[in-house]
Amino acid sequence: MTTFAEALHARFGAAARRDEPLARYTSFRIGGPADFLVVARSPTDIIDAVALAEEHGVPWIVLGRGSNVLIDDAGIRGLVIRNDATAFTIDPASGVVAAESGARMPSLGAQSARAGLHGLEWAVGIPGSVGGAVVMNAGAHGGCVADVLESAELLDGGRRIVLPAAAFAHAYRTSRLQRERHRVVLSARFRLAPGDPAEALARVREYRRHRQETQPNDPGAGSIFRNPPGHAAGALIDQAGLKGARRGNALISPRHANFIVNAGGASAEDVRALIQLAREEVARRFGIVLETEVELIGPTGRMSLA
Ligand SMILES: Cc1cc2nc3c(=O)[nH]c(=O)nc-3n(C[C@H](O)[C@H](O)[C@H](O)COP(=O)(O)OP(=O)(O)OC[C@H]3O[C@@H](n4cnc5c(N)ncnc54)[C@H](O)[C@@H]3O)c2cc1C
């Protein structure tokens, strides 16, 4: 009988790797090896990789740009499907942007603005993929995926289905898809408003400038915690005196307290220690329990904090 490794190699050739360190696939630059990794360059690649894993009883997980995950130092057992299906089209007349799920949000944001479409300018600051953004309901500067998503195509139990945006129950930085892990976003359709390219591009420039001025440049994963109702997580961590706190090679950014950065060679353990520290101090001082926005992924899948 063909082993999983053989079947994967037969289908994907050099795009299939064994014991592949994951740090290079995450914005944190942290993460031990995946038993198997496949770089998927089309929705069909994703479908085939999932089918092979299921056939062989191998656990699998899809990663977009890895910009909202902290992967354990021990890595991930099973198959990681890195989504590099990046094609997209923009139709300035209808305002429709149709993208494969590995397309990069900053490219969509910049190119749709250049085409004179309004509604995705905020995406220039989000270093994630379309799939990750649909799952997380990514957003910034008052806009988010839910405002402009028309529909998405999913892989669902081996079938391709298209669902309208309303099916995803998007809310603040989450969606149903975050709980329905057997489903994979294959592509998405956004509907934007035709308008003046100069205005859209001015917003793009303003959003980029704002980020450069307020966010750290070191590797990280954006906001670590969700904002609790009525509060900004960063302000609470700052008021708890934790800006600049360090564990190993990770630190709470002196620039923005809701960012933890990898100062060079940090481990997932270093980052987790800072996450715990921030949670404990904020709970002790303000009675508020912070929830992570970043997903913690361990050897056997997603993990939650105690
Ligand atoms: C510097 C920086 C700034 C950021 N600023 C913002 C911000 O302003 N607003 C904001 O909302 N976020 C922000 N983020 C966080 C992050 O970019 C977003 O959450 C983004 O949407 C994650 O996309 P991704 O492709 O990187 O997802 P990943 O990190 O690769 O994955 C996140 C989760 O989604 C799942 N997933 C990924 N692709 C798919 C798919 N195709 N189908 C099903 N599940 C999938 C993964 O399995 C994982 O569970 C920032 C991150 C960084 C590093």
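The values are calculated or read from the model by the stated rules, or taken from the named source; none is laboratory data. Predicted, not measured: the structure shown is a model, and the values here were computed from it. Quick reminder, even Gly has a Cβ in these numbers, built from the backbone with ideal geometry, and neighbours come from all protein chains shown.
Given the condition within 16 Å of the ligand (Cβ to nearest atom), assigned to a strand (DSSP E or B), on the phi < 0 side of the Ramachandran plot and surrounded by 20 or more Cβ atoms within 10 Å (Cβ to Cβ), answer yes or no: does some residue in the stretch 41-53 qualify? Within the stretch 41-53, not a single residue is within 16 Å of the ligand (Cβ to nearest atom), assigned to a strand (DSSP E or B), on the phi < 0 side of the Ramachandran plot and surrounded by 20 or more Cβ atoms within 10 Å (Cβ to Cβ).
May I ask you to verify whether residue 109 is over 15 Å from the mean Cα position of the chain (by Cα) and either assigned by TED's automatic domain parsing to the domain that holds residue 197 or more than 11 Å from the ligand (Cβ to nearest atom) (or both)?
yes
The set of residues from the stretch 243-291 being under 23 Å from the mean Cα position of the chain (by Cα) and either in the same structural domain as residue 27 (by TED's automatic domain parsing) or acidic (Asp, Glu) (or both) comprises 269, 270, 291. From 146, 140, grab the single residue that is within 26 Å of residue 213 (Cβ to Cβ), aliphatic (A, V, I, L, M) and at pLDDT 95 or above. Exactly one of 146, 140 is within 26 Å of residue 213 (Cβ to Cβ), aliphatic (A, V, I, L, M) and at pLDDT 95 or above, namely 140. Residues that are in contact with a Leu (Cβ under 6 Å, 6 or more places away or on another chain) and over 29 Å from residue 62 (Cβ atoms) number at least 1 in the following strands (runs of 3 or more DSSP E) confined to the stretch 213-306: 250-252.
Which ones in the stretch 62-80 are among the small types (Gly, Ala, Ser), farther than 11 Å from residue 29 by Cα, surrounded by 21 or more Cβ atoms within 10 Å (Cβ to Cβ) and in contact with a helix residue (DSSP H, G or I) (Cβ under 9 Å, 6 or more places away or on another chain)?
64, the sole residue that qualifies.
Filtering the stretch 171-191 down to residues that are near the ligand (Cβ under 8 Å from one of its atoms) and of a type in the set (A, V, I, L, M), which residue is surrounded by the most Cβ atoms within 10 Å (Cβ to Cβ)? Applying the filter and picking the extreme gives 185.
Quick one: is residue 155 outside the structural domain of residue 48 (by TED's automatic domain parsing), in contact (Cβ under 8 Å) with a residue 40 or more places away in the chain, under 30 Å from residue 278 (Cα atoms) and within 14 Å of the ligand (Cβ to nearest atom)? Give the steps one after another, and end with the answer.
Values: outside the structural domain of residue 48 (by TED's automatic domain parsing): yes; in contact (Cβ under 8 Å) with a residue 40 or more places away in the chain: yes; under 30 Å from residue 278 (Cα atoms): no; within 14 Å of the ligand (Cβ to nearest atom): yes.
No; evaluated as a whole, the condition is false for this residue.
Quick one: would you say residue 172 is farther than 30 Å from residue 273 by Cα and touching a residue at least 40 places away in the same chain (Cβ under 8 Å)? Considered against the rule, which asks whether it is farther than 30 Å from residue 273 by Cα and touching a residue at least 40 places away in the same chain (Cβ under 8 Å), residue 172 comes out as no.
Does residue 183 qualify as being in contact with a strand residue (DSSP E or B) (Cβ under 6 Å, 6 or more places away or on another chain), free of Cβ contacts under 8 Å to residues at least 60 places away in the same chain, outside the structural domain of residue 261 (by TED's automatic domain parsing) and within 20 Å of residue 130 (Cα to Cα)? Yes, satisfied. Scanning the stretch 129-182 for residues that are in a helix (DSSP H, G or I), within 19 Å of residue 84 (Cα to Cα) and either in contact with a His (Cβ under 9 Å, 6 or more places away or on another chain) or of a type in the set (A, V, I, L, M) (or both) yields 130, 133, 134, 135, 136.
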